[in-house]
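Everything below concerns the one structure shown next.
The values are calculated or read from the model by the stated rules, or taken from the named source; none is laboratory data. Note that the structure is a prediction, hence the values are computed from the model and not measured. In this analysis, Cβ positions are derived from the backbone assuming ideal geometry, glycine residues included, and neighbour counts consider all displayed protein chains.
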Amino acid sequence: MSTIDVPRPNQGVWPGLHTPPRSPWRARVAEAVFRNAVRSLPVRVVLPGGARLGAGGPDAPVMRLHRPEAFFHRLGVDAKIGFGEAYMVGDWTSHRLADLLTAFAARLTTLVPPRLQLLRRWVERRHPASDSNDVAGSRQNIHRHYDLSNDLFAVFLDETMTYSSAWFETPDQPLEQAQLRKIDGVLDYAGVRSGSNVLEIGTGWGALAIRAAQRGATVTSLTLSAEQKALAEQRARAAGVDDKITVHLRDYREETGRYDAVVSVEMIEAVGGEYWPTYFAMVDRSLRPGGRFGLQAITMPHDRMLASAASYTWIHKYIFPGGLIPSVRAIEETVRDHTALRVEASREFGQDYAETLRRWRERFLERWDEVAGLGFDDTFRRMWEFYLAYSEAGFRVGYLGVKQFGFVK
């Protein structure tokens, strides 16, 4: 099962997706494992004909298995990819997807019996060579997600066009305000002020660069997404700070400048574990003595990072090819071993990411007609809904976290 290029608007081509793979013996094993796993979960699984599985009561989230045979074949051939693919094609549905996936995520490490977990190294897929994060591979990986359509992202993001976790001051704070608070937090950690010469690794759609320029800083921003570069420059002009911002279509490894501050928000997840030393060494090299680095990173527990590092998952195949989420320990040890930086401050706000994702998902579904109008099909809708709900569930249960770090050289 190789990597796939998600169809662009109006292409409508999903190679092989709607024909489930077949492996009768694996399907039987998958069905037995699934039935055993959901027996004690607070969910209700409804099969054709009305049979029910699970320990959930009347208020529990419901998973409706419309095509059990196809579902179990997909699960048996590759559970980490087949579960999500089955949702994409409608083998199963749920009206409370995030709640359902949260119930599964809370028991993630115990769903599969220990004896079967020992077989993982023989049955799990490995990352295809095409997902490598060398310079050429990184460009292709970023293109596959971030160049889907600026208009698509504008449908569900707030007015800042910020595609990373917000940091909420109050539970009901508007998303735009919480995103600006997050950006200010990173800029504060990096000591960005009037006169600062700043390097940003990962432009997004320009919100952080614009905010830094409004503080009086001069910003050099790096991206591998042509779509993002074009819109970020347009947004900088509209904000009246384009004279302070330069956006380069450039890999971080190709940067040679020296700066007072470096900032990077949720870009390290796309670097790849083997390149983390290169990434942090580049940050160190780019900073003048006394310079500061503001980093925001999605994180996961160190043992789970090690256990899952080689696994090829649904997220890799359809959303973020080549990605690896670091642990806090991995970040701190890599910085210690490969740079002259030291951690000066940090903050964790993983539950804020769950809330951010909830708002994105609800807005995406509420405005689906606009997305469909861009040329995306129903398979894409289910894929994107699953991605946002799956991620939300991970943050809800603490399997994922998000942290800001302030480093000084």
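Every residue, every condition in (1) in contact with an Asp or Glu (Cβ under 9 Å, 6 or more places away or on another chain); (2) under 20 Å from Ala213 (Cα atoms); (3) buried (at least 23 other Cβ atoms within 10 Å of the Cβ), yes or no:
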| position | (1), (2), (3) |
| --- | --- |
| Val263 | yes, yes, yes |
| Gly294 | yes, yes, yes |
| Met305 | no, no, no |
| Ser311 | yes, no, no |
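Each residue in the stretch 232-255 was checked for being part of a helix (DSSP H, G or I) and not acidic (Asp, Glu), and 10 pass. Restricted to the stretch 43-86, and to residues there that are among the β-branched types (Val, Ile, Thr) and closer than 25 Å to His316 by Cα, the residue that is surrounded by the fewest Cβ atoms within 10 Å (Cβ to Cβ) is Val77.
For the stretch 256-273, the set of residues classified as touching a strand residue (DSSP E or B) at 6+ places or on another chain (Cβ under 9 Å), under 27 Å from Ile319 (Cβ atoms) and either part of a loop (DSSP other than H, G, I, E, B) or small (Gly, Ala, Ser) (or both) consists of Ser264, Glu266, Met267, listed by residue number. Restricting Val219, Val192 to residues that are among the β-branched types (Val, Ile, Thr), modelled with pLDDT of 95 or more and part of a strand (DSSP E or B) narrows the list to Val219. Would you check which residues across the stretch 131-165 are under 14 Å from the mean Cα position of the chain (by Cα) and part of a loop (DSSP other than H, G, I, E, B) and list them? If the condition is that a residue be under 14 Å from the mean Cα position of the chain (by Cα) and part of a loop (DSSP other than H, G, I, E, B), then Thr162, Tyr163, Ser164, Ser165 are the ones that fit.
Report yes if some residue within the stretch 5-24 is touching a Leu at 6+ places or on another chain (Cβ under 6 Å) and not basic (Lys, Arg); otherwise report no. Taking every residue of the stretch 5-24 in turn, at least one turns out to be touching a Leu at 6+ places or on another chain (Cβ under 6 Å) and not basic (Lys, Arg). If you go through the stretch 299-317 one residue at a time, do you hit one that is more than 30 Å from Arg382 (Cα to Cα), assigned by TED's automatic domain parsing to the domain that holds Ile142 and in a loop (DSSP other than H, G, I, E, B)? Checked against the condition, which is being more than 30 Å from Arg382 (Cα to Cα), assigned by TED's automatic domain parsing to the domain that holds Ile142 and in a loop (DSSP other than H, G, I, E, B), the stretch 299-317 yields no hits at all.
Scanning the stretch 322-346 for residues that are more than 11 Å from Val271 (Cβ to Cβ) and either surrounded by fewer than 18 Cβ atoms within 10 Å (Cβ to Cβ) or modelled with pLDDT under 95 (or both) yields Arg329, Glu332, Glu333, Arg336, Asp337, His338, Ala340, Arg342, Val343, Glu344, Ala345, Ser346. Checking Ile210, Ile183 one by one, the residue that is in contact (Cβ under 8 Å) with a residue 24 or more places away in the chain, in a helix (DSSP H, G or I), of a type in the set (Val, Ile, Thr) and farther than 19 Å from Glu355 by Cα is Ile210 and no other.
Checked against (1) assigned to a helix (DSSP H, G or I); (2) in contact with a strand residue (DSSP E or B) (Cβ under 9 Å, 6 or more places away or on another chain); (3) among the hydrophobic types (A, V, I, L, M, F, W, C); (4) over 26 Å from Glu362 (Cβ atoms), Val198 meets all criteria but (1). Among the residues examined, Trp92 qualifies as closer than 28 Å to Arg144 by Cα and in contact with a strand residue (DSSP E or B) (Cβ under 7 Å, 6 or more places away or on another chain).
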